[in-house]
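The values are calculated or read from the model by the stated rules, or taken from the named source; none is laboratory data. Everything numeric here is computed off the predicted structure, so don't read it as measured data. Neighbour counts are summed over all protein chains in view; Cβ atoms, including those assigned to glycine, are modelled from backbone coordinates with ideal geometry. Heads up: the accessible areas ignore ligands, DNA and RNA and are worked out on the full protein's heavy atoms, side chains in. Shrake-Rupley method; radii C 1.70, N 1.55, O 1.52, S 1.80 Å.
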Amino acid sequence: GIGAYASIFYDLPIKIVASLLTIVFMVLNLLGAKKTAGLQRFLVFFLIAVLALFMVEGLREVFGIGAQNLVDTKLKPFATNGIEGILSTAGFVFVAYLGLAQVASVAEEIKNPERNIPLGMILSLIVTTVIYVVGVFIMVGVLPTVDFFKDLTPVWTASQAVFKWIPAKYGGLLVVAAAIAAFASTGNGGLMSASRYPMAMARDRVIPRFFTRLNSFKTPVYSILATSALMLVFILTLSEEGIA
């Protein structure tokens, strides 16, 4: 995902970008949960700020088109493939909502987990649902259907129609930075949470005990290394569509 958005400005090979970033996130995770969480906090707040701006400007643009005109030209017929289309789409995108459950795997590293984990999960679900629904509604409203269907970077394309008071270049840069922050927070948080499962399995003696070993930063070093290695294998051996 980062490679696709970065290629708007620089023609970079996606797999090389993904591999290098996996290594960067691996190093951050090895340096401790606090450093990982600090980066995560910055990425998420920056991302939400840009998306809030995108939604405000986007809704203004969409409703400027006229509600009836929007319904007639973009929303009719609705659900062109019926219930089968809705279910297959839900199956494809539901993974976008799984990130909020990942926090449970780092429960022992969270202060007051009985309160903070459920609260964080509920707030995350509300925020992501609002952002996804409003964001897609805006993109459907401002982008030609055929272009939207083929576009690998639709938020960037929509930003060109939405941010009219910012020079197109800078509005696009803002959206690209937000998209990269979104993918980075997903990769960083995903590695952090996924690496705790081998540690827990090793404690239960399901896999070798050395996966429980912690380094001087109190992070499960072998578990993080093994998880990162698996990620690199999938990145390098599967196609982007295969991974999805």
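Under 5 Å from the amide H of Gly32 lies no amide H of any residue 5 or more positions distant or on a separate chain, with H modelled from the backbone and absent for Pro and chain starts. Ligands, DNA and RNA left out, the accessible area of segment 24-87 computed with a 1.4 Å probe is 71% carbon and sulfur. For segment 56-100, what class follows from the C-alpha gyration tensor (a ≥ b ≥ c being the square roots of its eigenvalues): rounded when a/c is under 1.5, otherwise prolate if a/b is larger than b/c, else oblate? Oblate. Its Cα centre serving as origin, the chain has a Cβ charge dipole (Lys and Arg +1, Asp and Glu -1) of approximately 860 debye. For segment 78-95, backbone phi angles converted through the Karplus equation (6.51, -1.76, 1.60; θ = phi - 60°) give residue-by-residue couplings of 8, 6, 4, 9, x, 5, 4, x, 5, 5, 5, 5, 4, x, 7, 9, 4, 4 Hz, Gly and Pro being listed as x. In plain terms, the chain from Asp151 to Ala226 could stretch by 23.6 nm, reckoned as 0.36 nm per residue minus the Cα-Cα distance.
Summed over the residues of segment 37-191 and divided among them, the accessible surface reaches 61 Å² per residue at a probe radius of 1.4 Å. For the chain, the relative contact order comes to 34 percent (Cα pairs under 8 Å, sequence separation of at least 6). Note that segment 56-61 has calculated 3J(HN,Hα) couplings of 4, 5, x, 5, 4, 5 Hz, one per residue in order, obtained from phi through the Karplus relation 6.51 cos²θ - 1.76 cosθ + 1.60 (θ = phi - 60°); glycine and proline are x. The protection proxy used here, the mean number of other Cβ atoms lying within 10 Å of each residue, ranks peptides 32-45, 112-125 as follows, highest first: 32-45, 112-125. Per residue, the chain reaches -23500 deg cm²/dmol at 222 nm when only DSSP H runs of four or more residues are counted, each adding -39500 (n - 2.57). Take 72-80, 22-30 and order them by the average number of nearby Cβ atoms within 10 Å per residue, most first; the result is 22-30, 72-80.
If you take the Cα centroid of segment 88-162 and the Cα centroid of segment 192-244, the two points sit 25 Å apart. With θ taken as phi - 60° and the Karplus curve 6.51 cos²θ - 1.76 cosθ + 1.60 applied, the whole-hertz 3J(HN,Hα) list for segment 139-146 is 5, 5, x, 9, 9, x, 4, 5 Hz, x standing for glycine and proline.
Computed from Cα atoms, the angle from the helix 221-237 axis to the main principal axis of the chain rounds to 40 degrees. For segment 1-56, the square roots of the Cα gyration tensor eigenvalues, ordered a ≥ b ≥ c, give a/c of at least 1.5 with a/b no greater than b/c, which places it in the oblate category.
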